[in-house]
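The values are calculated or read from the model by the stated rules, or taken from the named source; none is laboratory data. What you are looking at is a predicted structure, and each value in this text was computed from that prediction instead of being measured. Note that each Cβ is placed from the backbone with ideal geometry, even for glycine, and that neighbours are counted across all protein chains shown. Accessible surface areas use protein heavy atoms only, side chains included; no ligands, DNA or RNA. Shrake-Rupley method; radii C 1.70, N 1.55, O 1.52, S 1.80 Å.
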Amino acid sequence: MIYKSPAKLNLGLSIIKKLERYHQVKCVYTQISLFDYLFIRPLKLNTIKIKIKNCPTLASDKNNLIYQAVDLLKQKFNIKTGVSINLIKNIPIGSGLGGGSSNAAVVLKALNKIWHLNLSLSKLINLAKPLGMDLPYSLIGGVKSEIQGDDSGDFISLPSLPKCYIVLCFPDIFISTTTAFNQIDYKTVNKNNLDNLISSINTQDLKTIGQNLHNDFDIWTSKKYPVINQIKSVMINNKALGVSITGKGPTVFGIFDNLKLAQKAKSDLLSTYKNTFLVKPL
């Protein structure tokens with residue numbers, strides 16, 4: 001069968017504090033209409049076969065999150081059959097758009113049905129947590145707020161975004177998670193609790209949503225990589241209601257209420273940045 005694997009955006013990201021091993025981070029997410037596609041077929045042989053199209057640098061072995069998700073279920077439930085997975089990769093790797101986590105989440109949900117494991121969503125989430133902090137959201141989807149690193153692990157559901165258009169631009173810069181967190185100035189983060197953003201989503205006020213987009217990583221990322229501000233300027237000049245980065249960056253996104261303006265922003269950026277997309281929130 002063919003499965004869609006959507007990218008995600010951080011509409012808001014606030015770094016609360018450093019924990020012993022991780023950071024406590026408040027996030028507001030939405031999924032968007034940029035998809036990877038997975039062709040998943042069960043095998044009688046006890047093997048995991050992964051083929052990847054459009055991304056020759058992405059590993060297809062145990063270093064791949066898809067492989068780890070399959071292996072997790074096989075080990076946990078003593079599965080002696082295998083699976084073949086063909087991945088068509090459209091979400092750029094290292095973009096902060098959560099493609100790897102989304103792929104793994106899709107595989108977990110698909111194999112839960114294919115192998116008749118009958119696991120509830122909550123059980124899948126608990127199983128997936130060791131694979132990565134973003135896996136639980138990728139399994140749930142929708143517009144959600146969450147505090148990662150909180151013991152509760154609860155998500156708060158928010159309304160879908162009002163009708164809008166989102167332009168994404170990935171400038172092909174790699175920012176490692178370690179580098180991103182090492183740059184944090186704890187005096188400057190956690191000044192925005194994202195309450196205004198959440199309130200504007202609840203009231204469905206797109207203009208105010210745009211004004212309240214926020215990402216604490218943007219404090220240093222924009223300074224270190226001037227191209228991020230250059231991309232933002234193109235979006236703002238085309239009347240974006242708000243701009244920000246997603247995840248730790250470097251992908252910049254802008255929210256528009258006018259399709260023609262969004263198309264113009266995409267066209268202006270595409271001449272320089274090949275990984276530019278026009279999408280909608282899911």
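So in the stretch 119-134, with the set limited to residues that are among the small types (Gly, Ala, Ser) and within 19 Å of the chain's Cα centre (by Cα), which one is least open to solvent (accessible area, probe 1.4 Å)?
Going through the stretch 119-134, the residues among the small types (Gly, Ala, Ser) turn out to be 120, 122, 128, 132.
From what's left, within 19 Å of the chain's Cα centre (by Cα): 128, 132.
Details: Ala128: 0, Gly132: 20 Å².
It comes out as Ala128.
Select, from Ile91, Ile79, Ile48, the only residue that is under 17 Å from the mean Cα position of the chain (by Cα) and touching a residue at least 12 places away in the same chain (Cβ under 8 Å). It would help to see each step written out before you state the result.
Details: Ile79 fails: under 17 Å from the mean Cα position of the chain (by Cα); Ile48 fails: under 17 Å from the mean Cα position of the chain (by Cα).
Ile91 is the lone residue from the list that is under 17 Å from the mean Cα position of the chain (by Cα) and touching a residue at least 12 places away in the same chain (Cβ under 8 Å).
So which residues in the stretch 183-220 are closer than 23 Å to Thr276 by Cα, in contact with a strand residue (DSSP E or B) (Cβ under 6 Å, 6 or more places away or on another chain) and not charged (D, E, K, R), if there are any at all?
Gly210, Gln211, Leu213, His214, Asn215
Kindly indicate whether Pro136 is closer than 27 Å to Ile245 by Cα, outside any loop (DSSP other than H, G, I, E, B) and in contact with an Asp or Glu (Cβ under 9 Å, 6 or more places away or on another chain).
On the way: closer than 27 Å to Ile245 by Cα: yes; outside any loop (DSSP other than H, G, I, E, B): yes; in contact with an Asp or Glu (Cβ under 9 Å, 6 or more places away or on another chain): yes.
It is true that Pro136 is closer than 27 Å to Ile245 by Cα, outside any loop (DSSP other than H, G, I, E, B) and in contact with an Asp or Glu (Cβ under 9 Å, 6 or more places away or on another chain).
Working carefully through the options Lys260, Lys264, find the one that is of a type in the set (D, E, K, R) and either free of Cβ contacts under 8 Å to residues at least 24 places away in the same chain or open to solvent by less than 30 Å² (accessible area, probe 1.4 Å) (or both). Even if it seems obvious, please write down each step before you answer.
On the way: Lys264 fails: either free of Cβ contacts under 8 Å to residues at least 24 places away in the same chain or open to solvent by less than 30 Å² (accessible area, probe 1.4 Å) (or both).
Only one candidate qualifies: Lys260.
Residue by residue through the stretch 135-178, note down the ones that are under 17 Å from Tyr22 (Cβ atoms) and either open to solvent by less than 50 Å² (accessible area, probe 1.4 Å) or in contact with a His (Cβ under 6 Å, 6 or more places away or on another chain) (or both).
Of everything in the stretch 135-178, those that are under 17 Å from Tyr22 (Cβ atoms) and either open to solvent by less than 50 Å² (accessible area, probe 1.4 Å) or in contact with a His (Cβ under 6 Å, 6 or more places away or on another chain) (or both) turn out to be Leu135, Pro136, Tyr137, Glu146, Gln148, Gly149, Gly153, Ser176.
Can you find even one residue in the stretch 272-282 that is in contact with a Gly (Cβ under 8 Å, 6 or more places away or on another chain), of a type outside the set (S, T, N, Q) and closer than 22 Å to Ile147 by Cα? Spell out how you get there, then give the answer.
Initial filter on the stretch 272-282 (in contact with a Gly (Cβ under 8 Å, 6 or more places away or on another chain)): 282.
Of the ones still in play, those that are also of a type outside the set (S, T, N, Q) are 282.
Those still in the list that are closer than 22 Å to Ile147 by Cα too: 282.
Yes: one or more hits.
Among the residues of the stretch 104-118, which ones are among the aliphatic types (A, V, I, L, M) and either open to solvent by less than 30 Å² (accessible area, probe 1.4 Å) or at pLDDT below 95 (or both)? Don't jump to the end; show me each part of the working.
Taking the stretch 104-118 as the starting set, the residues that turn out to be among the aliphatic types (A, V, I, L, M) are 104-108, 110-111, 114, 117.
Ala104, Ala105, Val106, Val107, Leu108, Ala110, Leu111 - these are the residues of the stretch 104-118 that are among the aliphatic types (A, V, I, L, M) and either open to solvent by less than 30 Å² (accessible area, probe 1.4 Å) or at pLDDT below 95 (or both).
Return the residue satisfying two criteria in turn: it lies in the stretch 168-210 and is under 15 Å from Val252 (Cα atoms) and not aromatic (Phe, Trp, Tyr), and of such residues it is nearest to the chain's Cα centre (by Cα). Let's see the steps before the verdict.
Residues of the stretch 168-210 that are under 15 Å from Val252 (Cα atoms), as a first pass: 168-175, 210.
Pick out the ones that are also not aromatic (Phe, Trp, Tyr) and you get 168-169, 171-173, 175, 210.
Details: Leu168: 12, Cys169: 14, Pro171: 16, Asp172: 16, Ile173: 16, Ile175: 15, Gly210: 19 Å.
Among them, the one singled out is Leu168.
Every residue, every condition in (1) modelled with pLDDT of 95 or more; (2) surrounded by fewer than 16 Cβ atoms within 10 Å (Cβ to Cβ); (3) over 17 Å from Cys169 (Cβ atoms), yes or no:
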residue: Ser200; (1), (2), (3): yes, no, yes
residue: Thr203; (1), (2), (3): yes, yes, yes
residue: Asn215; (1), (2), (3): yes, no, no
residue: Trp220; (1), (2), (3): no, no, yes
residue: Ile236; (1), (2), (3): yes, yes, no
residue: Ser244; (1), (2), (3): yes, no, no
residue: Thr251; (1), (2), (3): yes, no, no
residue: Gly254; (1), (2), (3): yes, no, no
residue: Phe277; (1), (2), (3): yes, no, no
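When you check Ser33 against the structure, is it of a type in the set (S, T, N, Q), within 30 Å of Asn192 (Cα to Cα) and touching a strand residue (DSSP E or B) at 6+ places or on another chain (Cβ under 6 Å), yes or no?
Numbers: of a type in the set (S, T, N, Q): yes; within 30 Å of Asn192 (Cα to Cα): yes; touching a strand residue (DSSP E or B) at 6+ places or on another chain (Cβ under 6 Å): yes.
For Ser33, the condition - of a type in the set (S, T, N, Q), within 30 Å of Asn192 (Cα to Cα) and touching a strand residue (DSSP E or B) at 6+ places or on another chain (Cβ under 6 Å) - is met.
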